[in-house]
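Working notes, structure below.
The values are calculated or read from the model by the stated rules, or taken from the named source; none is laboratory data. What you are looking at is a predicted structure, and each value in this text was computed from that prediction instead of being measured. In this analysis, Cβ positions are derived from the backbone assuming ideal geometry, glycine residues included, and neighbour counts consider all displayed protein chains. Accessible surface is based on the protein model in full, side chains and every heavy atom, while ligands, DNA and RNA are left aside. Shrake-Rupley method; radii C 1.70, N 1.55, O 1.52, S 1.80 Å.
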Amino acid sequence: MLKVAKFGGSSVAGPRQFEKVKNIVESDPARRLVVVSAAGKRDKDDHKITDLLYLCHAHLMYGVSCDDIVNTIEDRFVEIKEALNLSYDVKNDFEALKARLTKDISVDELVSRGEYFTARLMAEYLGFQFVDAADCFFFGLDGQIDREKTDAAIKEALDKYEKVLIPGFYGKLPTGRIKTMSRGGSDISGAIASAAVDADVYENWTDVSGILMADPRIVNEPKSIAKLTYAELRELSFMGASVLHEESILPVKERGIALNIRNTNEPEHPGTMIVESIDDNSQGEKPITGIAGRKNFSIITVCKRNININETLCQALAIFDRYKVNVEHINLGLDSFAVVASTTAMGDSVYDIASDIKKTCRPDRVYMQEGLALVAAVGRKMTFRPGTSGRLFKALGENGVNIRIIAQGADELSIIVGVENEQFETAIKVLYEGFTE
Ligand code: ASP
């Protein structure tokens with residue numbers, strides 16, 4: 001059994017969190033490859049090291065001194081070193097970094113130091129071999145990770161050393177320069193490392209006990225989802241559930257590696273296990289795995305008598321494409337169709353989109369409604385339950401939620417309803433209370 005354990009920023013925020021990580025790692029010898037983010041917030045008023053490093057770079061660019069910020073960052077690392085009695089010479093490495101702090105230092109190199117210093121300290125504390133991400137995560141000139149080269153280097157490191165620790169979030173370009181991934185990218189590093197060594201499980205340790213069935217800001221203490229499929233996860237994330245970095249799913253999914261989301265502050269909780277398929281079409285349980293949603297969509301309705309739907313719809317979609325606006329849903333009528341897209345994503349392009357539709361599609365009428373929220377009830381078990389959607393709409397209706405749009409994913413994994421922004425929270429609560437396990 002081999003497990004890759006990735007610890008996010010809040011899991012490595014200070015000495016106390018380091019201790020929790022050590023307990024977790026040492027409680028299972030299968031955890032032989034660890035990936036860490038940069039130290040995050042210790043409490044809600046604190047700052048993430050990565051944010052402070054971005055701030056430093058902005059100061060350098062405008063020729064404003066960033067000494068105070070650098071000292072704050074250094075103090076955070078020195079505090080961890082001293083509290084845990086480590087020998088890594090943080091001060092020395094910080095002096096070297098400070099000497100290079102001019103506006104010529106690249107932003108990627110500077111912010112990558114958050115993960116670097118955190119990983120140096122954690123590697124020593126755990127007694128793991130530190131392997132720099134610059135020596136095992138390689139980007140191609142297209143800016144994408146060169147998976148073949150990266151896989152080989154990570155595998156080689158784990159073959160050579162029994163226990164390895166790698167900083168997440170960055171790697172090296174063919175030019176030798178450091179490149180970071182997008183924000184939250186240590187999730188991707190962990191996923192790529194898991195795929196490289198063909199791990200049995202990719203554990204993603206964070207500060208929640210798995211994926212919650214609904215947004216805790218809307219539903220009071222929602223339960224976490226014990227098990228779900230990658231397909232369900234994709235639907236939930238797409239509809240707004242903030243879980244993992246989107247790009248971290250594919251590397252593990254395509255190798256059939258299970259992804260386990262765990263809580264560093266509650267290590268005995270099994271968290272959420274995400275797998276390719278689950279054989280559980282039992283009738284006893286409720287049909288919905290989780291609920292997610294987003295506000296602020298617009299519906300653009302195009303009406304045209306005796307419409308040639310294929311042609312006119314294609315023309316309209318090409319217009320959305322031209323303005324790089326993703327279409328979320330399409331509703332077809334006999335002599336009309338309605339396209340749903342994010343109001344924010346359209347921005348001011350909405351006027352051009354509407355005027356191009358008028359010019360190209362020559363409709364009798366085009367009109368737009370704003371303020372729509374989309375709520376998705378996601379659940380693999382809905383396929384086996386006749387009448388789920390009927391009961392769901394009834395419950396929403398009984399609670400005064402007016403449904404303006406209904407869509408069911410082609411694979412019956414989700415039912416999506418469009419409601420007024422103001423009824424978003426009520427819709428989520430009704431679905432959570434009536435239909436989750
Ligand atoms: N430290 C980086 C960030 O804050 C990467 C990560 O935490 O995954 O975005």
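Key figures
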read-out: Residue pairs meeting the criteria (Cβ under 6 Å; at least 6 apart or on separate chains; first open to solvent by less than 70 Å² (accessible area, probe 1.4 Å), in the range 95-119; second away from the ligand (no atom under 12 Å from the Cβ) and of a type in the set (Phe, Trp, Tyr)); value: PHE117/PHE77
read-out: Selected residue (criterion: nearest to the ligand (Cβ to nearest atom)) from residues of the range 198-210 that are open to solvent by less than 20 Å² (accessible area, probe 1.4 Å) and at pLDDT 95 or above; value: ASN204
read-out: Enumeration of residues in the range 342-361 that are surrounded by 12 or more Cβ atoms within 10 Å (Cβ to Cβ) and more than 20 Å from PHE238 (Cα to Cα); value: SER349, VAL350, ASP352, ILE353, ALA354, SER355, ASP356, ILE357, LYS358, THR360, CYS361
read-out: Residue satisfying condition, being in contact with a Pro (Cβ under 6 Å, 6 or more places away or on another chain), surrounded by 22 or more Cβ atoms within 10 Å (Cβ to Cβ) and not charged (D, E, K, R), within set ILE225, ILE192; value: ILE192
read-out: Positions within the range 231-266 being closer than 22 Å to SER11 by Cα, touching a residue at least 60 places away in the same chain (Cβ under 8 Å) and open to solvent by 70 Å² or more (accessible area, probe 1.4 Å), in sequence order; value: GLU247, ASN265
read-out: Sole residue being among the aliphatic types (A, V, I, L, M) and away from the ligand (no atom under 16 Å from the Cβ), chosen from MET181, MET122, MET213; value: MET213
read-out: Yes/no for GLN423 being over 12 Å from ILE291 (Cβ atoms) and at pLDDT 95 or above; value: yes
read-out: Residue in the range 154-178 that is farthest from the ligand (Cβ to nearest atom), counting only those that are of a type in the set (A, V, I, L, M, F, W, C) and in a loop (DSSP other than H, G, I, E, B); value: LEU173
read-out: Qualifying residue in the range 51-61 (condition: among the aromatic types (Phe, Trp, Tyr) and within 16 Å of the ligand (Cβ to nearest atom)); value: yes
read-out: Per-region count, the range 125-153, residues among the β-branched types (Val, Ile, Thr) and part of a helix (DSSP H, G or I); value: 1
read-out: Test: residue in the range 39-50 that is farther than 24 Å from ASN85 by Cβ, among the β-branched types (Val, Ile, Thr) and either open to solvent by 80 Å² or more (accessible area, probe 1.4 Å) or within 16 Å of the ligand (Cβ to nearest atom) (or both); value: yes
